[in-house]
Amino acid sequence: MKVSMTVNGQQHTDDVEPRLLLAHYLRDVLGLKATNIGCDTTSCGACTVIVDGLSVKSCTVLAAQADGSQVTTLEGLAGPDGELHPMQKAFREEHGLQCGFCTPGMVMAAIGVLADNPDPSDREVREGLEGNLCRCTGYHNIVRAVRSAAQAGPAAGQVPQDQEVAR
Amino acid sequence: MSILGTRVVRTEDPLFLTRGATYTDDLVDDRLTGALHVTFVRSQVAHGRLLSVDTSAAREAPGVVAVYTAEDCADLAPIPAGLPMVPPAMQRPWLAQGKVRFVGDIVAVVLTEERYQGEDAAELVSVDIDPLPAVVTTADAAAGEVLLFEDAGTNVMATFGEPAPADFFSGCEVVVEQRMVNQRVAPVPLETRAAAAAWGDDGRVTIWCTNQGAQQAKGEIAGWLGMDPARVHLITPDVGGGFGAKIGADPEYAFTAWLAQRAGRPVRWTENRSENLVGMLHGRGQDQTVRIGGRRDGTIEAYSIAVDQDGGAYPRVGIILPTLTMLMAAATYAFPKVHAHGRALATNTTSIGAYRGAGRPEATAAVERAIDLFAAEIGMDPAEVRRKNLVPSFSEPHTTPSGATYDSGEYTAALEKALEAAGYDELRAEQARRRERGEARQLGIGLSTYVEITGADTGLGSAESAELEVHADGTATVLTGTSPHGQGHATAWAMLASDQTGIPVEKITVLHGDTDRIPRGGGTMGSRSLQQGGAAVHQAAVELVALAKQRAAERLEVDAADLELDLAGAGLAVRGTPGAGVTLAELAADEPLLVQTRFEAAAPTFPFGAHVAVVEVDVESGKAELQRLVAVDDAGTIVNPLLAEGQRHGGYAQGVAQALLEEVLYDADGNPQTSTLADYPFVSATELPSFELVDMATPTPINPLGAKGIGEAGTIGSTPAVHNAVIDAVAHLGVRHIDMPTTPMKVWRAIQQAQQGGSNA
Amino acid sequence: MIPGAFEYVRPGTVEEAVAALVEHGDDAKLIAGGHSLLPLMKLRLAMPAVLVDISRIPDLSYVRVEGDEVAIGAGTRHFELEKDDVARAEVPILPYAASQVGDPQVRHRGTLGGTVAHSDPASDLPTALLALGGSVVVQGPGGRRSIPMTEFWLGFYETALAEDEVVVEVRVPRTGSAGWAYEKFTRRANDWPIVAVAAVEGRVALANMAGAVVRATATEEALARGASIAEAAGLADEGTSPSSDMHADPEYRRHLARLLTRRALEKASGAGAAAA
Ligand SMILES: Cc1cc2nc3c(=O)[nH]c(=O)nc-3n(C[C@H](O)[C@H](O)[C@H](O)COP(=O)(O)OP(=O)(O)OC[C@H]3O[C@@H](n4cnc5c(N)ncnc54)[C@H](O)[C@@H]3O)c2cc1C
Ligand code: FES
Ligand code: FES
């Protein structure tokens, strides 16, 4: 079947099997390999992307279900000049990543947390990230990164594609 | 000012944060064009006679190129037991033959054009197994009624030492004994296992895989396949976590090479999580019996531990874990007498390997529980019992009755720092208040002190290689035999090189994990990297500067003694003659400026520390929640506090998870109960507080950096502190011991039993 | 892991969805948020031949007051319910229970209709709905009918819904400022409940204590005859048939049901009746 969607600001139309998962569509069809797959049971959040302004686990969405949507992955966050998104910047400064496998999903979920609550407490960040597992960082620096990103203002809770929509 | 000791943010991050790292499954490489996808068909039965494997339907499925069973790989000799103490009959066939020995044993392999076709076809392979009784526990294994390897005549994989003599505790006023479980856990690096293989026209195979040490994996794979190692080129791309479970090659990795040859096309394999949770090595898995004896004044006179290590179905590195547990049995204490012995047993379960700490957390968990049991028995504060028995401060090597020689230690200072930072006395007062009021939420305070061994030589030596080359454009390249997978070596090794040469960190590229470029290397495991690999980089930089000095002296026609390092300019300056000098880059333009070196560590190092955990236990439901974790971890000199803290945080989380949550479970037939992340209770952000880190740094004399290992210490210290805290919270209700993980049901039941008058353990 | 192959259709109306169900019968499955169905399909525990995607049908997502009741569209996603002002004012237990489902990403996808139709005995919203009472409105080839909440969940993955019917709406009584509580017991915050208890206006429902969500009738009767909270809560597990898994055996589940019921009733009766 045919699916069309805008991924990181670019329009794509492809012929896919109905059962193709959005995560595999992004990785294998579009070659956007940042989005990772860490489980079979919608548990780990490594595959989190933003679809129409909401964080979702792309391993549990069919590409067919995202037909017509706006999708943002980690690759779509930095500015055209390479300027890091406030969340990316905060993850780097606070050492919020080690092996990096959870990171793409964690960053997208963290943007979702701030979209929902622009100035969360530690506890609220932890609850907001309850669907994202990290084996390396013990979450300590991830929590710090999200809270420090929150200080950067509303952009930390938005993807560039939202900002375009808002404009 | 030296860059060492400063919080340099990681150079690897910009790429990781914008494009993502490149893990094995992400590889886009010409050599892998047209690669077939590998899908393993695994046994769903723990123990049984393999009657038949029918692949006919699978062969007809769309996209299937080949399906292989044991008969097809008769050219492959079984994978040997590998360790000299293991009965040779305990070898692993590549594909199960005659018998299956655990849920996850490979019975067939499917090659398909597309990823999705593999799963469809694998479903069509029909496997007929006649089940045998399963050996699930070490007790089952020891009973020996059912054998995994009939030819071995035993389930005992290895034996280490003899039981303690009967009079070992004679003369002690008080002796406490406890059986305890250091439960089997799953390492769960977030990246599952993955590999790819492609043969070149030159008759060499390139294998990509996610692993903690390319050179070791290459050697094993070549050995298993009976190949000349020179024909294997192994590359570890970015690796999404390892935690010990990616040490050494897995049979699946070697298999990709064989499959690619057989199919005449490159192949790739990425397991899914359900496969990972049964196929990848598990960790821990010890049944322990500890005895501790001493006087009522708190002096401990003798301590013994007996270890039954669950080895799983086929011998892997896990079977030597008892030796590390035994080596570290004396822990931080000045016990006059220590006895330890152990054995490893085969069970119809996933093989046990190394998991963050590997053998040392088990030692610490046992002794720290034992101390608390002893304290409870004599009615003394557990902090006081520790104070009375810790090895006093030492800066000359200290040899323990269990045979370890510690480099330096300040155990009492570490404990006092932790107690002070935690506000121990106030915590005890608050605990007393809650007990008095009979509140539903009781406070538990748990302590641990630990010492562990890092950079131990576990058979691969204790040396590491490094190469440093300065280029004419002012950049430099470091080649290292370590194998970072989150630890940040690209940044830390660049700092070490920069510290000596003045070349800015951003201009230094660190490469690892390619056996053609870096033939020798020990990988990253056992918290060895900085003290051996980092020390090698440091040594390379020192040697490079010395070499540059000679060259500069010739070029500038001055005496080498008149040259001094100009760190700001990354060059050599003539002393007293401003403006005269030459940069390393200029020297590199003349002729290559490169050194290769090897650092040999004289001995392992022994980081130590003390943790205080504060938990709240809802005594009505049994649920324990960690409120605080205060941690002193002394790993000697710190090169980059940001990275070292990150290692500690991650270690704590895994340690806490073992105490509170995580456990791999099997039913009585050997069926795994925790083979998805929906069932395996991987610790998430909501069960953890932000941690309270206390700094302490006692340099080691063992290496020029003064550094000890920090990768595993957090795990080792945190587990017993949290475990002790949970039991402490309910001790006033009569509870003496609860095995890990301290799940709500276990805690509730322990309280019930204690209240009904009986001792609960 | 990936689902087996299937055909995918995307009706634009409930009528078309019903027609697709009629046409494909047994082979077809509705998919809304997909957060119960896709995980099952990935593990190949469900292998429908046709997926009927109802998530794009317009006007199935709403919360509105209709007389004494609040009507909620089946397509309402958990996060929408969680944040809805009308729901917060009129049936506060529901948005709170919605906030307890899984994690934010799950709540961004999962729908009320999906969790109602799925009938997992451990699900949060059905437990709260059962305590509220009211009805589930379903539409089939013969039009709409209304099924009382107490008759809807029959067992594990089993409901009073016919194969060719679609859940379109849920209707619950307005409880306004009446006391309520939802007590969910988990090991990790984002887990399914080991046991959960919903209490509102003297009605009590339990999650994970039987094949489906159930009412704690003995507790309700005791409360009705004026028994103390402690006494009534002590009866909460009566008539239940809790299962055993690695988190809890039946004895412990029964204990939790009694304990959580006591806590829920205490909270619900407390002044102001705050959430957790
Ligand atoms: C990781 C994870 C954690 C979760 N944790 C929790 C939790 O803690 N508590 C909890 O309660 N739930 C939890 N859930 C389940 C979640 O709430 C689901 O979203 C919900 O159960 C199903 O809603 P859905 O819209 O996704 O349904 P779908 O998956 O689309 O459908 C589920 C079933 O209902 C049928 N169906 C869907 N819509 C209709 C309709 N309108 N009419 C008739 N039949 C229909 C489908 O055919 C299917 O059989 C969790 C899910 C995941 C993946
Ligand atoms: S891969 Fe999607 S949640 Fe784990
Ligand atoms: S950084 Fe490795 S899993 Fe999070």
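Expressed as a fraction of 2.2 N^0.38 Å, the rule-of-thumb size for a compact globular protein of N residues, what is the C-alpha radius of gyration of the protein assembly as shown?
On the way: Rg = 30.7 Å, N = 1204, 2.2 N^0.38 = 32.6 Å.
Ratio of Rg to 2.2 N^0.38 Å for the protein assembly as shown: 0.94.
Beyond 30 Å in Cα-Cα separation lie the following of the pairs C:Lys83/C:Lys267; B:Lys246/B:Lys623; B:Lys337/B:Lys746; B:Lys746/C:Lys267: B:Lys246/B:Lys623; B:Lys337/B:Lys746.
Using the eigenvalues of the Cα gyration tensor, what equivalent ellipsoid semi-axes result for the range B:437-577 when each is taken as the square root of five times the eigenvalue, whole Å, largest first? Before the final figure, lay out the partial values.
On the way: eigenvalues 332, 77, 41 Å².
Largest first, the range B:437-577 gives 41, 20, 14 Å.
Between C:Thr76, C:Thr186, C:Thr219, the residue with the greatest mean-square fluctuation in the GNM of chain C (Cα pairs under 10 Å linked by springs) is C:Thr186.
What is the ratio of the Cα radius of gyration of the range C:1-150 to 2.2 N^0.38 Å, with N the residue count, to two decimals? Walk me through the numbers on the way to the answer.
Details: Rg = 15.4 Å, N = 150, 2.2 N^0.38 = 14.8 Å.
Scaled against compact globular proteins, the figure is 1.05.
Computed over chain C, relative contact order equals 16 percent, with contacts defined as Cα pairs under 8 Å that lie 6+ residues apart. Quick check: from the Cα gyration tensor, does the range B:1-107 come out rounded (a/c under 1.5), prolate or oblate? In terms of gyration-tensor shape, oblate. Per residue of peptide A:22-33, the mean number of Cβ atoms on other chains within 10 Å of the residue Cβ is 2.
Based on the alpha-carbon gyration tensor of the range B:360-498 and its eigenvalue square roots a ≥ b ≥ c, which shape applies: rounded if a/c is under 1.5, prolate if not and a/b is larger than b/c, or oblate?
Working: a/c = 3.08, a/b = 2.05, b/c = 1.50.
It is prolate, given that a/c is not under 1.5 and a/b is the larger ratio.
With a simple spin-label model that places each label point 7 Å from the Cα along the Cα-to-Cβ direction, the separation between C:Val22 and C:Thr150 comes to 3.4 nm. Mind checking the log10 I(q)/I(0) for the range A:75-118 at q = 0.15, 0.21, 0.27, 0.30 Å⁻¹? Debye, one equal scatterer per Cα, no solvent, two decimals. Debye curve over Cα of the range A:75-118, log10 I(q)/I(0) at q = 0.15, 0.21, 0.27, 0.30 Å⁻¹: -0.37, -0.72, -1.08, -1.19. Per residue, the convex hull spanned by the alpha carbons of the range A:47-167 comes to 102 Å³.
A straight Cα-to-Cα reach below 14 Å connects A:Lys2 with the aspartates and glutamates A:Asp14, A:Asp15, A:Glu17, A:Asp67, C:Glu7, residues fewer than 8 places away in its own chain not being considered. With Cα atoms as the point set, the radius of gyration and Dmax of the range C:7-53 evaluate to 10.4, 31 Å. Going by accessible surface with a 1.4 Å probe and the largest first, C:Glu16, B:Glu554, B:Glu620 read B:Glu554, C:Glu16, B:Glu620. Here's the list of lysines a cross-link from C:Lys42 could span, going by alpha-carbon distance under 18 Å and ignoring same-chain residues fewer than 8 apart: A:Lys57, C:Lys29. Stretching the chain fully between B:Met380 and B:Thr405 yields a gain of 6.0 nm (0.36 nm per residue, less the alpha carbon separation).
Between B:Glu71 and B:Gln261, what's the calculated FRET efficiency when r is the beta-carbon distance and R0 is 25 Å? Round to 0.05. Provide the component values of the computation, followed by the final result.
Values: r = 17 Å, r/R0 = 0.69.
Here the calculated transfer efficiency is 0.90.
Taking a ≥ b ≥ c as the square roots of the eigenvalues of the alpha-carbon gyration tensor, the range B:280-354 is classed prolate because a/c is 1.5 or more and a/b outweighs b/c.
Positive-end ranking of B:Ile247, B:Leu345, B:Val630 along the dipole of the protein assembly as shown, with charges on Cβ about the Cα centre, is headed by B:Val630. Normalising the average separation of contacting C-alpha pairs (under 8 angstrom, six or more residues apart) by the number of residues puts the relative contact order of the range C:180-275 at 32 percent.
Using a probe of 1.4 Å, the accessible surface attributed to B:Thr11 totals some 50 Å² when neighbouring protein chains are kept in position.
Quick check: at a probe of 1.4 Å, how many percent of the accessible area of the protein assembly as shown sits on carbon and sulfur atoms?
On the way: 19710 of 40010 Å².
The computed percentage sits at 49.
Relative contact order of chain B, please, whole-number percent, based on alpha carbon pairs below 8 angstrom and at least 6 residues apart. RCO, chain B: 15 percent. Ellipsoid fit via the Cα gyration tensor, the range A:86-157: semi-axes of 17, 13, 10 Å, each the root of five times an eigenvalue, largest first. Each Cα pair of the range B:702-761 feeds into the Kirkwood radius, which the Stokes-Einstein equation turns, at 25 °C and 0.890 mPa s, into a diffusion coefficient of 184 µm²/s.
With charges only on Cβ, +1 for K and R and -1 for D and E, what is the dipole size of the protein assembly as shown about its Cα centre, in debye, rounded to 20? Show your work: numbers first, answer last.
On the way: 98 positive and 154 negative charges, 326 e Å.
Once rounded to the nearest 20, the dipole reads 1560 debye.
Across all directions, the average flat footprint of the convex hull enclosing the Cα atoms of the range C:180-275 is 5.7 nm².
Solvent exposure of the protein assembly as shown amounts to 33 Å² per residue of accessible area, where only protein heavy atoms count and the probe is 1.4 Å. Modelled this way, with points 7 Å down the Cα-to-C-beta line, the labels at C:Ser243 and B:Ala668 are 2.0 nm from one another.
Over 31 Å apart: what share of the alpha carbon pairs of chain C falls there, rounded to a whole percent? Here the long-distance tail beyond 31 Å is 24 percent of all Cα pairs in chain C. Dipole orientation for the range B:34-131: of the candidates B:Val67, B:His47, B:Ala108, B:His47 has the Cα lying most toward the positive pole (charges on Cβ; Lys, Arg +1; Asp, Glu -1).
Sorting the Cα pairs of the range B:541-618 by distance into bins of 5 Å, from 0 upward, gives 3, 13, 20, 15, 8, 6, 6, 6, 5, 4, 4, 4, 3, 2, 1, 0 percent per bin. Tell me, what is the Rg over Rh of the range B:658-738, with Rh the Kirkwood radius over Cα pairs? Radius of gyration over Kirkwood radius for the range B:658-738 works out to 1.10.
Computed over the protein assembly as shown, the per-residue total of -39500 (n - 2.57) for DSSP H runs of n ≥ 4 gives a 222 nm mean residue ellipticity of -8500 deg cm²/dmol, rounded to 500.
The string of couplings for the range C:168-184 from the Karplus curve (6.51, -1.76, 1.60, θ = phi - 60°) is 10, 7, 10, 10, 10, x, 6, 10, x, 8, 4, x, 8, 7, 10, 10, 10 Hz, one whole number per residue in order, with x for Gly and Pro.
Shown is the FRET efficiency for B:Gln627 and B:Asp516, computed with R0 = 60 Å from the Cβ-Cβ distance and rounded to the nearest 0.05: 0.70. Extension gain for the segment B:Ala580 to B:Glu396, taken as residue separation times 0.36 nm less the Cα-Cα distance, is 61.6 nm to one decimal.
Mind checking which helices in chain A clear 15 Å along their axis (Cα) and have mean Kyte-Doolittle hydropathy of 1.0 or more, DSSP H runs only?
Numbers: long enough: A:103-116 (19 Å, 1.38); A:140-150 (16 Å, 0.16).
The qualifying helices are A:103-116.
The range B:310-363 and the range A:34-51 have Cα centres spaced 35 Å apart.
Take each residue in B:483-493, count the other chain C-beta atoms within 10 Å of its C-beta, and the mean is 2. Between the residues B:Phe335, C:Val172, B:Pro607, the greatest Cα displacement towards the positive end of the dipole of the protein assembly as shown, with unit charges on the Cβ of Lys, Arg, Asp and Glu, is found for B:Phe335. Note on B:5-17: average number of Cβ atoms from other chains within 10 Å of each residue's Cβ is 5. All Cα-Cα separations within chain B were binned at 20 Å from zero, giving a P(r) of 16, 46, 31, 7, 0, each value a whole percent of the pairs. Sorting the segments B:700-708, B:560-568 by their mean number of nearby beta carbons within 10 angstrom, highest to lowest, gives B:700-708, B:560-568. Using every pair of distinct Cα positions in the range A:2-74, the Kirkwood expression returns a hydrodynamic radius of 11.8 angstrom.
The values are calculated or read from the model by the stated rules, or taken from the named source; none is laboratory data. As the structure is a prediction and not an experimental result, all values here were calculated from the model. Because the Cβ atoms are built from the backbone with ideal geometry, glycine has one as well, and the counts that use them run over all protein chains shown. To get the accessible areas, we keep the full protein, side chains included, count just its heavy atoms, and leave off ligands, DNA and RNA. Shrake-Rupley method; radii C 1.70, N 1.55, O 1.52, S 1.80 Å.
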